[in-house]
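Just so it is clear, none of the values below were taken in a lab; they were calculated from the coordinates. Since the model is a prediction, treat every value here as computed from it, not as a measurement. Using ideal geometry, Cβ is built from the backbone for each residue, glycine included, and neighbour counts are taken over all protein chains shown.
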Amino acid sequence: MAASHRRAFIIGSVLLIFNFQFLIFNSLSQAQLVKSVNAVGMTVADIDRPVIFFTQVLGFEKISDTEVYGGEFETLQALFGARMRIARLKLGDEMIELTQYLAPEGRLIPAEWRSNDYSFQHIAIVVRDMDKAYQHLRSHKIRHASTGPQTLPADNKAAAGIRAFYFKDPDGHFLEIIFFPPDKGDSRWQQKTDRLFLGIDHTAIVVSSTENSLKFYREALGLRLAGESMNRGTEQAHLNNVAGARLRITGLRAQRGPGIEFLEYLAPRTGRPAPRDTQANDLWHWQTTLAKTDAAKAFRKLSRGPERVISSRIAEISEKSFEFVKGFLARDPDGHGLQVVER
């Protein structure tokens, strides 16, 4: 074989091997991805009250209302004697789940908790018009968490022009309404509509270390990085109601569903850790439901890591009204609840 032909053969073989390895890696990466963020759930004291609030004030539609109990649900939520009433509500394409523990009852959200504590989580509800949405909330006497709606400044290129406001639901959970200008956010938030409340863009969680959380959510669970920004200034401080707030914000996405946004407070570093004894029936418990193709594989993987798998095993759900057949409860490095399920 001539030298030039040998070189061409070798180069061709190397490229073939590289392309083959790339295809294998790409296929494995896709297989490991969380398929979707199915829902964001929160524990409530009396389910009828927040159902009225979310449907009549925020425009959600109630999809289902189910009461469940038994050994598999006790295993799923790691709570003996659990009897739950679960309402699923929809806004746009996104779902939330409200869970009332008829037994055993949990603890209330402490009044002194703030939005830089590591137990903090909220959902960001996209609105068509911030001023109209804020006045609508005021007319329903909502509880402020922000001073008022804030517009992020022009020097923050990643978030310039975004308007946001924090408030609380009847149980004290933090919620956000958010408005995206034409050059920001998903294109579906720019579609013409008469609706004031459009859908859920993301759920936000306070994290102690962005790097540690990325290792968990991106490397262990397979979510993809969607964007980053550094937010500070009087607007951000008044939005979070934390003096001198300076945040590193990191957004992640699955293939479908709302995003998961990290809020790392670079200043002030005064956030309190989530209680280690948090249980699913405590009202500060949120759980983000992530759909995987193989719940057993995810259970084994998370059981080997520093994170906490709360369920003693994978629960097998036979309740036909449920959205999944297998699942378990885990907590991320800062204690935020995750329900990993297989549909």
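Let me check I've understood the local charge: for D277, count other residues with C-beta under 13 angstrom from its C-beta, Lys and Arg +1, Asp and Glu -1. What total comes out? Neighbourhood net charge equals +3.
Hey, can you list the DSSP H helices of the chain whose Cα span along the axis is 27 Å or longer and whose average Kyte-Doolittle score is at least -0.5? Once both thresholds are applied, what remains is 3-32. Each Lys and Arg contributes +1 and each Asp and Glu -1, all at the Cβ; summed about the Cα centre of segment 30-152, the dipole is approximately 340 debye. Label-to-label distance, F80 versus R138, with points set 7 angstrom from Cα along the beta-carbon direction: 5.2 nm. Global size of segment 250-291: 13.6, 35 Å for Rg and Dmax (C-alpha atoms, Rg to one decimal, Dmax whole).
Since only Q339, Q150, P181 are under comparison, the one whose Cα sits farthest along the positive direction of the charge dipole of the chain, derived from C-beta charges on Lys, Arg, Asp and Glu, is P181. Along its three principal directions, the equivalent ellipsoid of the chain from the Cα gyration tensor extends over semi-axes of 35, 28, 19 Å, largest first. Straight-line reach from K184: taking Cα to Cα under 16 Å and skipping same-chain neighbours fewer than 8 places apart, the aspartates and glutamates in range are D129, D155, D201, E228, E261. For T293, put the label point 7 Å out on the Cα→Cβ axis and report which residues of segment 241-265 keep their amide N under 19 Å from it. Residues 253-257 qualify, since their backbone N sits under 19 Å from the label point.
Here the chain is assigned +1 on the Cβ of each Lys and Arg and -1 on the Cβ of each Asp and Glu. Its dipole about the Cα centre then comes out at about 960 debye. Taking every alpha-carbon pair under 8 Å whose residues sit at least 6 apart, the chain reaches a relative contact order of 22 percent. Per-residue extension of 0.36 nm, minus the Cα-Cα distance of D131 and E219, leaves a gain of 27.7 nm for this segment. 3J(HN,Hα) couplings calculated from phi for segment 264-276 with the Karplus curve 6.51 cos²θ - 1.76 cosθ + 1.60 (θ = phi - 60°) are, in sequence order, 9, 7, 6, 7, x, 8, 10, x, 8, x, 5, x, 5 Hz; Gly and Pro show x.
Remark: segment 121-267 carries a charge dipole of roughly 200 debye about the Cα centre, counting +1 on each Lys and Arg Cβ and -1 on each Asp and Glu Cβ. With 0.36 nm allotted per residue and the present C-alpha distance subtracted, the A111-K168 stretch has 19.4 nm of extension available. With a bin width of 5 angstrom, please list the P(r) values of segment 121-267 as percents of all Cα-Cα pairs, from the 0 bin to the one holding the largest distance. Result, from short to long distances: 2, 9, 18, 24, 21, 16, 8, 2, 0 percent.
Residues whose amide H falls under 5 Å from that of S64, counting only those 5 or more places apart or on a different chain, are R88, with hydrogens built in the peptide plane. P(r) for segment 41-95, from all Cα pairs and a bin width of 5 Å, is 5, 18, 24, 23, 13, 12, 5, 0 %, short bins first. A simple spin-label model places the labels of K184 and T66 3.8 nm from each other, with each point 7 Å out along Cα-to-Cβ. Only one residue of F167, T250, N240 has its Cα farthest out toward the positive end of the dipole of segment 121-267, where Lys and Arg carry +1 and Asp and Glu -1 on Cβ, and that residue is F167. Cross-link reach is defined here as a Cα-Cα straight distance under 26 Å, omitting same-chain residues fewer than 8 places apart; for K62 the lysines meeting it are K35, K90, K132, K141, K168, K192, K292, K320, K326. The simple Förster model, with R0 at 30 Å and r as the Cβ-Cβ distance, assigns K320 and Q56 a FRET efficiency of 0.55.
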